[in-house]
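The values are calculated or read from the model by the stated rules, or taken from the named source; none is laboratory data. Keep in mind it's a predicted model, so treat the numbers as computed, not measured. When we count neighbours, we look across all protein chains shown, and the Cβ atoms used for this are built from the backbone with ideal geometry, even at glycine. Remember, those area values only see protein heavy atoms, side chains included, never the ligands or the DNA or RNA. Shrake-Rupley method; radii C 1.70, N 1.55, O 1.52, S 1.80 Å.
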Amino acid sequence: MATQKAPSLGKLLKEKGLVTEEQIVFSLQEQKATGELLGGCLMRLGILTDSDLARALAEQSGHPFVDLHSFTPDPGLLARIPFRIAKQFQFLVLAEKDGLLHIAISDPFSTSAQEQAFRITGVQVKLHIGGEMELLKLIERFYYLLENPIEKEIENVVGRLRRNPDGEINVEKLVENLLGVAVTYRVTDMHISPSDISTRIMFRVDGVMRPAHVFPHALHNRLITNIKVRAGMDISEQRKPQDGRMSFEFLGEYFDIRLSTVRSNFGENMVLRLLASRGSSVLGIKDLGFEPDKIRSLDRLFSSPYGMVLVTGPTGSGKSTTLYAALREQDSISKNILTIEDPIEYQLLMIRQTQVNEKAGYTFSSAIRSFLRQDPDVMLIGEIRDEETALLGVRAALTGHLVLSTLHTNTALGTLARLKDLGISSYLLSTGLAGVLAQRLIRKLCPHCKEQTEHSPEELKAYDLPLQAAYFKAVGCSQCRDVGFNGRECISELLVCSEAILRLVARDAPLGEILDQARDEGFSDLKTSGRGKVISGVTSLMELKRVLG
């Protein structure tokens, strides 16, 4: 089989509108100093994402794109291809169905992976194009876990402690294994919760708490003490709440972990929040699940020369991820972009990122004052928490800067009321606010095991869903670890502040009147966005109920 001729990467990316000529020239200059390949240089600088490049190559080659971020392999299929072969030829087995072996690759113009997979299995191969960074990371991770079953090691510890609760075990290795499993399951929060005779490890995955492991209570203090020492916390203080931070590395991927303890009636309860840092990639707006019309509107908002754009929602609704995606929409070569974050979750090399340090007096509000002396074009404020930050942010938007930030409100319209509660006048709002995006994260049904289901007319009517449509439910399989869901994406409502809406805001019109005007201009709410996901089979009605009530 002959290797296809790969098109010029720069030309391909420009044709797809993913990069500009200026960005190509800048990256080629960088390339002269670093010796990188162009694609790797563009991704390192944050100009291009892994997924952007993979989608462009998939479209160019005619092969389907595969999103690897939520992929879980079948261990039996994985074992059919030796690790050295998978790593050398950079491919990952996805599935075997319809007489074909489906594999993920990143370079569609090389046939070596296809030839190797067919030679080893004797099964005809179908190619899928995935992001190179994510592909290489998953090859390392999945084969490591295949050869080092750390979950079995954890259960072996449980068995030994059941026989002898005070027996000697390697607590440091146990913590490493628990964090390794958490990373593998894409856990956002790990809870260590004591009860009368046990200690429970709970994982929050895709927004939902799941039981993971249970140990005898005798292990609890040893487990908590080991983690506290790592985080530099006071091991002698068990009565008062404490906060701490530590880092963790797993197969080349780095995580910042924020810790919190609180005393319960059975001992200290600890929560560890895992935040991917170095080695992780920022997603693009197109990767987050927004509808095409919202993507177009967001592109316009994020390319505005001035104004405030807010992303709202409860904790864990993906606000920071959306803001990082928004930063990627900026022309980071010709614009000076500054951020104040708590903490810095992703490193973007073309952007000046700073982190809150309250002990040093560096807060969100003090950062904004400093930024105004730094000749900024775009400012990202991690969160608006108080009146001073809100007022400074709006004033910065009024003086010719694009200001991006988050706020804890439930709806886009509710943001207007919240800003007024924070002391922002109707006049300032009507001249400074450009748009508000309210969002939630909804779990996606596992495509490998979801099954068609039926709902009563009453259930469908409650969500204005059509009677004649195909609906699906979660089942559970090895691909989704028997949960029935795999990954999440956004449902959202976007209020674009047109001149008509801003006139209503300026004269303190009731929210109902503003909502009517927004609907006339095409505004649709969270429920409508969720209905679209249910009708298209992305999620289930039960999941929509869980998220929106």
For Lys335, Lys32, give the ranking by accessible area with the largest first, probe 1.4 Å. Lys32, Lys335
Nearest-0.05 FRET efficiency for Asp299 and Ala218 at R0 = 56 Å, using Cβ-Cβ distance, is 0.50
Sticking with the crude label model, points 7 Å out along Cα→Cβ, report the distance from Tyr362 to Phe83 in nm, one decimal please. 4.0 nm
Between segment 459-474 and segment 237-267, the Cα center-to-center distance that results, in Å: 42 Å
Rounded if a/c is under 1.5, else prolate if a/b beats b/c, else oblate: with a ≥ b ≥ c from the C-alpha gyration tensor eigenvalues square-rooted, which is segment 194-252? oblate
Pop a pseudo-label 7 angstrom from the Cα along the beta-carbon direction at both Gln29 and Arg481 and give the gap in nm to one decimal. 4.6 nm
Could you work out the equivalent-ellipsoid semi-axes for segment 414-549, taking the square root of 5 times each eigenvalue of the Cα gyration tensor, largest first, in whole Å? 37, 16, 11
Contact order normalised by residue count of the chain, Cα under 8 Å, 6+ apart, percent: 10 percent
Spin-label proximity, Met542 to segment 452-473 - amide N less than 20 Å from point 7 Å beyond Cα toward beta carbon: 452-466, 469-473
Between Tyr306 and Glu459, take the C-beta separation as r, use R0 = 45 Å, and let me know the FRET efficiency to the nearest 0.05. 0.45
Given q = 0.10, 0.12, 0.20 Å⁻¹, what are the Debye log10 I(q)/I(0) values for segment 1-96, with equal point scatterers placed on the Cα positions and solvent ignored? -0.37, -0.52, -1.10
Rounded, prolate or oblate: pick one for segment 316-424, where a ≥ b ≥ c are the square roots of the eigenvalues of its C-alpha gyration tensor, a/c under 1.5 means rounded, and failing that, prolate if a/b is larger than b/c, else oblate. rounded
Greater than 21 Å separation of Cα atoms is the criterion. Which listed pairs, Lys444/Lys545; Lys461/Lys527; Lys461/Lys545; Lys137/Lys450; Lys87/Lys444; Lys97/Lys152, meet it? Lys137/Lys450; Lys87/Lys444; Lys97/Lys152
Taking only C-alpha positions in segment 287-369, Rg and Dmax in angstrom work out to 13.9, 44
No Cys partner within the rule (Cβ under 4.7 Å), the chain: Cys41, Cys490, Cys497
Only bridges with both residues in segment 84-232 count here: give the DSSP antiparallel percent, nearest 5. 80 percent
Given +1 on the Cβ of Lys and Arg, -1 on the Cβ of Asp and Glu, and no further charges, what dipole in debye does the chain carry about its Cα centre, rounded to the nearest 20? 680 debye
Beta bridges by DSSP in the chain, antiparallel share as percent, to the nearest 5: 65 percent
Let a ≥ b ≥ c be the square roots of the eigenvalues of the Cα gyration tensor of segment 47-121; is it rounded (a/c under 1.5), or, if not, prolate (a/b larger than b/c) or oblate? prolate
Rounded FRET efficiency, nearest 0.05, which uses the C-beta distance separating Leu136 from Arg160 and R0 of 35 Å: 0.45
Relative contact order (percent) for segment 1-160, with alpha-carbon contacts under 8 angstrom and 6 or more residues of separation? 23 percent
Alpha-carbon centroid distance for the pair segment 127-149 / segment 313-371, whole angstrom: 30 Å
Partner lysines whose C-alpha sits under 20 Å from that of Lys228, ignoring same-chain residues fewer than 8 away, are Lys173, Lys240
Extending each Cα 7 Å along its Cβ direction at Lys335 and Leu100, get the distance between those two points in nm, one decimal. 4.0 nm
Compute the projected area of the convex hull of the Cα atoms of the chain, averaged over all viewing directions, and report it in nm² to one decimal place. 29.0 nm²
CD proxy, 222 nm, the chain: helix-only mean residue ellipticity via -39,500 (n - 2.57) per DSSP H run with n ≥ 4, per residue, nearest 500, stands at -11500 deg cm²/dmol
Compare Asp299, Asp196 by solvent-accessible area with a 1.4 Å probe and give them largest first, with all protein chains kept in place. Asp196, Asp299
Residue separation between Ala276 and Glu387 times 0.36 nm, minus their alpha-carbon distance, gives in nm 36.9 nm
